[in-house]
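Here's the structure, in structure tokens; my notes come after.
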Amino acid sequence: MPVAPGPVAPATGHADSGSGPVASSRDEICALDAVDLAARVRRGELSAREVVQAHLDRIDRHNPAVNAIVTLDAEGALAAAAAADERQARGEELGPLHGLPIAFKDTHSTRGMRTTHGSPLFAEHVPFEDELLVQRIQDAGAIRIGKTNVPEFAAGSHTFNTVFGATRNPYDRTKSAGGSSGGAAAALAAGFQPIADGSDMGGSLRNPASFCNVVGLRPTPGRVPSHPTGNLWDTMGVAGPMGRTVADTALLLSVMAGPDPRVPISLDEPGAPLRAPLGRDMAGLRVAFSPDLGGRVPVDRDVRDVFERQAKVFEDLGAHVVEDCPDLDGAEDVFRTLRAQEFNHGLGALLDSDRASLKASLIWNIEEGRRLTGADLVRARNGHTRIHLAATAFFQRYDVLIAPVSQVTPFAVESEYPTDIDGQPQQTYLDWMRSAYFVTVLGSPALSVPAGFTPAGLPVGLQIVGPPRAERTVLETGAAYEAATGHGRRRPSLP
């Protein structure tokens with residue numbers, strides 16, 4: 001849920017990475033998968049300092065062209081890496097992310113490091129405390145290097161704001177990197193970090209993963225508990241992991257997931273089993289294949305051309321593929337009503353006090369929330385219940401649903417959102433994201449995995465959706481698909 005930040009700590013300096021000698025081996029380090037990189041550090045083949053320095057050097061050389069990392073603390077990161085190496089030398093127990101650098105999404109509170117939410121109102125906001133997911137990731141051994149860019153208050157699936165500007169797609173820097181985790185996805189694709197945290201209400205993990213040819217998982221609500229938050233019962237907005245491979249994404253999920261007694265919807269299962277090897281025989285897997293969610297969403301021809309080739313991939317893996325889709329009637333009303341309520345609840349006070357500092361689409365969404373009545377909210381909750389029960393029955397017939405992540409390819413970075421899809425006008429900044437936010441209403445885990453490229457070289461993502469709490473099924477299906485296709489191995493060329 002978007003919320004205005006709370007009390008802040010005194011601001012601290014933010015060091016910039018200095019230029020140093022560039023060695024090809026450092027780029028090779030940055031190209032390693034997170035699972036492999038973590039294993040090499042644990043074996044002593046690489047030090048945490050070497051790994052962090054390699055990524056800082058790459059950020060120094062290439063981030064100006066992409067604008068994915070917006071706050072950088074090179075000095076602090078190298079000090080933390082040195083401390084990590086010392087712990088390893090003393091034989092202390094190491095976490096599963098030991099030595100891996102990470103820049104956190106700029107909507108996730110980081111103690112002593114600015115968290116701007118992409119808003120000029122909080123350009124110098126420095127929290128006193130880490131939020132839960134940041135704490136868990138660092139407790140697992142990851143080393144904080146900075147923050148990744150976001151849209152203003154994470155509103156919209158295109159990453160731009162008046163504080164830092166726009167993040168550009170590493171595959172085509174004239175295009176959007178998606179959002180709201182666009183900085184995170186672009187940083188992964190560009191080799192600035194091996195893992196990334198994100199969040200997702202209407203596609204904020206999945207759309208940028210699709211646009212940047214990386215992997216992003218929207219978990220079942222409660223799999224990754226959020227704290228602090230203004231609404232402990234919220235199931236629309238979730239935090240989740242991103243990586244360049246499905247296994248890397250599972251590794252990060254394994255430390256983000258797990259119960260927390262303060263969060264009533266948190267799931268009881270521990271996260272550690274999720275990082276077990278993702279091998280599974282796809283023979284007999286029951287796949288519902290839906291190019292347009294049962295005719296409910298328009299899809300650009302380039303996206304459809306890539307997507308329609310994927311049914312054969314699953315058939316060749318031994319899956320039983322049928323074109324089908326859950327009952328999503330009413331999902332539009334459910335999502336927009338509950339989203340508008342959350343925006344008004346979280347940001348309404350800022351509309352009253354600082355309207356001129358908010359972007360127009362954000363103002364519109366808050367005002368939509370203010371127009372809601374109690375009857376509107378009851379109708380949306382009832383619709384949400386009906387769709388969830390229908391989805392439960394659907395997933396008794398199928399193991400997974402396969403659909404496009406996004407209805408469009410990455411669009412011009414100067415545009416706020418696509419205004420047309422396959423000849424159908426898109427009236428608001430939300431319209432073009434239905435293929436993602438309809439799935440949000442199901443309450444299901446949904447994985448975005450690279451599915452190929454258009455003739456113009458733009459990435460397209462495949463969305464693998466499973467029953468609620470079936471992250472393992474979704475990840476195993478994604479890993480098998482990834483191994484069969486290899487689309488995620490194609491990396492961008494940077495200046």
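Determine which single condition Asp106 fails, assuming it passes every other condition in (1) open to solvent by less than 20 Å² (accessible area, probe 1.4 Å); (2) of a type in the set (Asp, Glu); (3) over 26 Å from Ala166 (Cα atoms).
Looking at each condition in turn, Asp106 falls short on (3).
Which ones in region 340-368 are open to solvent by 10 Å² or more (accessible area, probe 1.4 Å) and under 18 Å from Gly237 (Cβ atoms)?
Gln341, Asn344, His345, Gly346, Leu350, Ser361, Glu368 - these are the residues of region 340-368 that are open to solvent by 10 Å² or more (accessible area, probe 1.4 Å) and under 18 Å from Gly237 (Cβ atoms).
Would you confirm, using the coordinates I've provided, whether Ser357 is touching a Pro at 6+ places or on another chain (Cβ under 8 Å) and at pLDDT 95 or above?
On the way: touching a Pro at 6+ places or on another chain (Cβ under 8 Å): yes; at pLDDT 95 or above: yes.
Yes.
Hey, among the residues in region 284-296 that are over 11 Å from Ala403 (Cα atoms) and touching a strand residue (DSSP E or B) at 6+ places or on another chain (Cβ under 9 Å), which one's surrounded by the most Cβ atoms within 10 Å (Cβ to Cβ)?
Going through the qualifying residues, I end up with Leu285.
Are any of the residues in region 412-422 of a type outside the set (Phe, Trp, Tyr) and within 16 Å of the chain's Cα centre (by Cα)? Break it down stepwise before answering.
Here is the first cut: in region 412-422, the ones of a type outside the set (Phe, Trp, Tyr) are 412-416, 418-422.
Now narrow it down to the ones that are within 16 Å of the chain's Cα centre (by Cα): none.
No: region 412-422 contains no residue that is of a type outside the set (Phe, Trp, Tyr) and within 16 Å of the chain's Cα centre (by Cα).
Take Ala331 and tell me if it is within 23 Å of Arg397 (Cα to Cα) and surrounded by 21 or more Cβ atoms within 10 Å (Cβ to Cβ).
Values: within 23 Å of Arg397 (Cα to Cα): yes; surrounded by 21 or more Cβ atoms within 10 Å (Cβ to Cβ): yes.
It is true that Ala331 is within 23 Å of Arg397 (Cα to Cα) and surrounded by 21 or more Cβ atoms within 10 Å (Cβ to Cβ).
Within the set of pairs 6+ apart or on separate chains, which have a first residue in region 98-110 that is without any contact (Cβ under 8 Å) to a residue 40 or more places away in the chain, a second that is open to solvent by less than 10 Å² (accessible area, probe 1.4 Å) and of a type in the set (Lys, Arg), and C-beta atoms under 8 Å apart?
Short answer, once both residue conditions are applied: Thr110/Lys147.
Conditions (1) open to solvent by 10 Å² or more (accessible area, probe 1.4 Å); (2) at pLDDT 95 or above; (3) hydrophobic (A, V, I, L, M, F, W, C), marked per residue:
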| position | (1), (2), (3) |
| --- | --- |
| Pro219 | no, yes, no |
| Ser226 | yes, yes, no |
| Val238 | yes, yes, yes |
| Val246 | no, yes, yes |
| Leu252 | no, yes, yes |
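Check His388 against each of (1) under 16 Å from Arg469 (Cα atoms); (2) open to solvent by 60 Å² or more (accessible area, probe 1.4 Å); (3) more than 24 Å from the chain's Cα centre (by Cα) and name the one condition it does not meet.
(3)
In the set Val150, Val134, which member is hydrophobic (A, V, I, L, M, F, W, C) and either closer than 17 Å to Ile59 by Cβ or assigned to a loop (DSSP other than H, G, I, E, B) (or both)? It would help to see each step written out before you state the result.
Details: Val134 fails: either closer than 17 Å to Ile59 by Cβ or assigned to a loop (DSSP other than H, G, I, E, B) (or both).
Testing whether each residue is hydrophobic (A, V, I, L, M, F, W, C) and either closer than 17 Å to Ile59 by Cβ or assigned to a loop (DSSP other than H, G, I, E, B) (or both) leaves just Val150.
Tell me which residues, restricted to region 299-317, are over 16 Å from Gln463 (Cβ atoms) and either outside any helix (DSSP H, G or I) or open to solvent by less than 30 Å² (accessible area, probe 1.4 Å) (or both).
Taking region 299-317 as the starting set, the residues that turn out to be over 16 Å from Gln463 (Cβ atoms) are 301-302, 305, 312, 315-317.
The one that is over 16 Å from Gln463 (Cβ atoms) and either outside any helix (DSSP H, G or I) or open to solvent by less than 30 Å² (accessible area, probe 1.4 Å) (or both): Leu317.
Please list, ordered by first then second residue, the pairs with beta carbon atoms under 8 Å, 6 or more apart or interchain, first in region 254-279 and farther than 19 Å from Pro96 by Cβ, second part of a loop (DSSP other than H, G, I, E, B) and of a type in the set (Phe, Trp, Tyr).
Pairs that qualify, where the first residue is farther than 19 Å from Pro96 by Cβ and the partner is part of a loop (DSSP other than H, G, I, E, B) and of a type in the set (Phe, Trp, Tyr), are Pro264/Trp233; Ile265/Trp233.
Pull up region 238-283, narrow it to residues that are assigned to a helix (DSSP H, G or I) and of a type in the set (D, E, K, R), then point me to the one that is nearest to Lys312 (Cα to Cα).
Here is the first cut: in region 238-283, the ones assigned to a helix (DSSP H, G or I) are 246-256, 272-275.
The next check asks that each one be of a type in the set (D, E, K, R); those that pass are 248, 275.
Numbers: Asp248: 26, Arg275: 28 Å.
Only one residue fits best here, namely Asp248.
Could you go through region 254-277 and let me know if any residue there is in contact with a strand residue (DSSP E or B) (Cβ under 6 Å, 6 or more places away or on another chain) and open to solvent by 10 Å² or more (accessible area, probe 1.4 Å).
No, region 254-277 contains no residue that is in contact with a strand residue (DSSP E or B) (Cβ under 6 Å, 6 or more places away or on another chain) and open to solvent by 10 Å² or more (accessible area, probe 1.4 Å).
Within the bounds of region 472-480, is there any residue that is in contact with a strand residue (DSSP E or B) (Cβ under 9 Å, 6 or more places away or on another chain), small (Gly, Ala, Ser), within 23 Å of Thr337 (Cβ to Cβ) and crowded, with 20+ Cβ neighbours inside 10 Å?
No, region 472-480 contains no residue that is in contact with a strand residue (DSSP E or B) (Cβ under 9 Å, 6 or more places away or on another chain), small (Gly, Ala, Ser), within 23 Å of Thr337 (Cβ to Cβ) and crowded, with 20+ Cβ neighbours inside 10 Å.
Restricting to region 67-103, count the residues that are crowded, with 22+ Cβ neighbours inside 10 Å, assigned to a helix (DSSP H, G or I) and not hydrophobic (A, V, I, L, M, F, W, C).
0
Does region 116-144 hold any residues that are buried (at least 24 other Cβ atoms within 10 Å of the Cβ) and either farther than 24 Å from Gly271 by Cα or in contact with a Ser or Thr (Cβ under 6 Å, 6 or more places away or on another chain) (or both), and which are they?
Scanning region 116-144 gives Thr116, His117, Gly118, Ser119, Val134.
Could you check region 163-215 and list, in sequence order, the residues that are part of a strand (DSSP E or B) and open to solvent by less than 10 Å² (accessible area, probe 1.4 Å)? Explain how you work it out, then say what you get.
From region 163-215, those part of a strand (DSSP E or B) are 165-166, 168-169, 172-176, 195-200, 215; that's our starting set.
If the condition is that a residue be part of a strand (DSSP E or B) and open to solvent by less than 10 Å² (accessible area, probe 1.4 Å), then Asn169, Ser176, Ile195, Ala196, Asp197, Gly198, Asp200, Val215 are the ones that fit.
Looking at (1) outside any loop (DSSP other than H, G, I, E, B); (2) in contact with a Lys or Arg (Cβ under 9 Å, 6 or more places away or on another chain), which is the only condition Phe343 fails?
Of (1) outside any loop (DSSP other than H, G, I, E, B); (2) in contact with a Lys or Arg (Cβ under 9 Å, 6 or more places away or on another chain), only one is false for Phe343: (2).
Could you identify the single residue in Gln396, Gln341 that is touching a helix residue (DSSP H, G or I) at 6+ places or on another chain (Cβ under 6 Å) and either at pLDDT 95 or above or among the basic types (Lys, Arg) (or both)? Working first, answer last.
On the way: Gln396 fails: touching a helix residue (DSSP H, G or I) at 6+ places or on another chain (Cβ under 6 Å).
Among Gln396, Gln341, only Gln341 is touching a helix residue (DSSP H, G or I) at 6+ places or on another chain (Cβ under 6 Å) and either at pLDDT 95 or above or among the basic types (Lys, Arg) (or both).
The values are calculated or read from the model by the stated rules, or taken from the named source; none is laboratory data. Quick caveat, the model's predicted, so the values are computed rather than measured. In this analysis, Cβ positions are derived from the backbone assuming ideal geometry, glycine residues included, and neighbour counts consider all displayed protein chains. The accessibility values were calculated without ligands, DNA or RNA, using every heavy atom of the protein model including side chains. Shrake-Rupley method; radii C 1.70, N 1.55, O 1.52, S 1.80 Å.
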